[in-house]
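The values are calculated or read from the model by the stated rules, or taken from the named source; none is laboratory data. Predicted model only: the values in this text are computed from it and were never measured. So basically every Cβ, Gly included, is an ideal-geometry build from the backbone, and we count neighbours across all protein chains shown.
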Amino acid sequence: MALTPPQAIAVEVVTTQPTEADDALIARLSPAVRRGLAPAAYLVMIRLQTIPPATSSGWALYINDFRIPKYWQYRDGIFFKVYDPQFLEDHAGESLRFSANGSEFIETGLTLVAPDVVPSPAEARDLPRQDDILRSAGET
């Protein structure tokens, strides 16, 4: 039985307050990128036409040839987190695509966008909470 690829219909990057776990990752990543990272988590939210059923094999998500190592499901699709806004800037305009085998790709027709906000540490306190964004996604 052939896998049916997810049909992505929209992508959005939302700057949010980091969780405690995110804070720990940001602290570890800052020396690796040789600059201080803002206390923010960027949610890259990909809205899907329908959520695919859970199966023993799934679809890997790519930005051009870069494989996103992990993503999660939310009510309207899937999302992954980015902690370095430079990653988003470097990959802005690149294609979002899926692959079941790492060599054949399904183009979504969507591209990655740059973050909506890169906050200062003082501004980060006023960012929305991740659970509020994920809970309200798709509401009008």
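Scan segment 119-134 and report the pairs whose first residue is touching a residue at least 40 places away in the same chain (Cβ under 8 Å) and whose second residue is in a helix (DSSP H, G or I) and of a type outside the set (A, V, I, L, M), with Cβ atoms within less than 6 Å and a gap of 6+ or a chain change. Partner pairs satisfying both residue conditions: none exist.
Apart from one condition, T50 fits all of (1) over 20 Å from E94 (Cα atoms); (2) of a type in the set (V, I, T); (3) at pLDDT 95 or above; the exception is (3).
Flag not set for T108, criterion: among the hydroxyl-bearing types (S, T, Y) and part of a loop (DSSP other than H, G, I, E, B). Of the residues making up segment 70-89, those that are basic (K, R) and in contact with a Phe, Trp or Tyr (Cβ under 9 Å, 6 or more places away or on another chain) number 2.
Residues of segment 119-136 being in a loop (DSSP other than H, G, I, E, B) and closer than 25 Å to D76 by Cβ, which ones?
Of segment 119-136, the ones in a loop (DSSP other than H, G, I, E, B) are 119-120, 125-128.
Scanning segment 119-136 gives P119, D126, L127, P128.
Suppose the filter is acidic (D, E) and in contact (Cβ under 8 Å) with a residue 60 or more places away in the chain; does E20 pass it?
Criteria not met by E20.
When M45 is tested against (1) in a loop (DSSP other than H, G, I, E, B); (2) buried (at least 17 other Cβ atoms within 10 Å of the Cβ); (3) in contact (Cβ under 8 Å) with a residue 60 or more places away in the chain; (4) not acidic (D, E), only condition (1) is not met. Kindly indicate whether E94 is acidic (D, E) and at pLDDT 95 or above. In short, yes. Look at (1) at pLDDT 95 or above; (2) under 13 Å from V11 (Cα atoms) and you find that Y62 fails only one, number (2).
Can you give me the number of residues within segment 52-81 that are assigned to a strand (DSSP E or B) and either surrounded by fewer than 17 Cβ atoms within 10 Å (Cβ to Cβ) or in contact with a His (Cβ under 9 Å, 6 or more places away or on another chain) (or both)?
Counting residues in segment 52-81 that are assigned to a strand (DSSP E or B) and either surrounded by fewer than 17 Cβ atoms within 10 Å (Cβ to Cβ) or in contact with a His (Cβ under 9 Å, 6 or more places away or on another chain) (or both) gives 7.
When restricted to residues that are modelled with pLDDT of 95 or more and either of a type in the set (S, T, Y) or in a loop (DSSP other than H, G, I, E, B) (or both), segment 11-41 contains 0. Residues that are of a type outside the set (S, T, Y), over 16 Å from A10 (Cα atoms) and either surrounded by 15 or more Cβ atoms within 10 Å (Cβ to Cβ) or touching a Pro at 6+ places or on another chain (Cβ under 8 Å) (or both) within segment 90-103 comprise H91, A100, listed in sequence order. Residues of segment 35-64 that are closer than 16 Å to F80 by Cβ and out of contact with any Ser or Thr (no Cβ under 9 Å at 6 or more places or on another chain): V44, M45, R47, L48, I51, G58.
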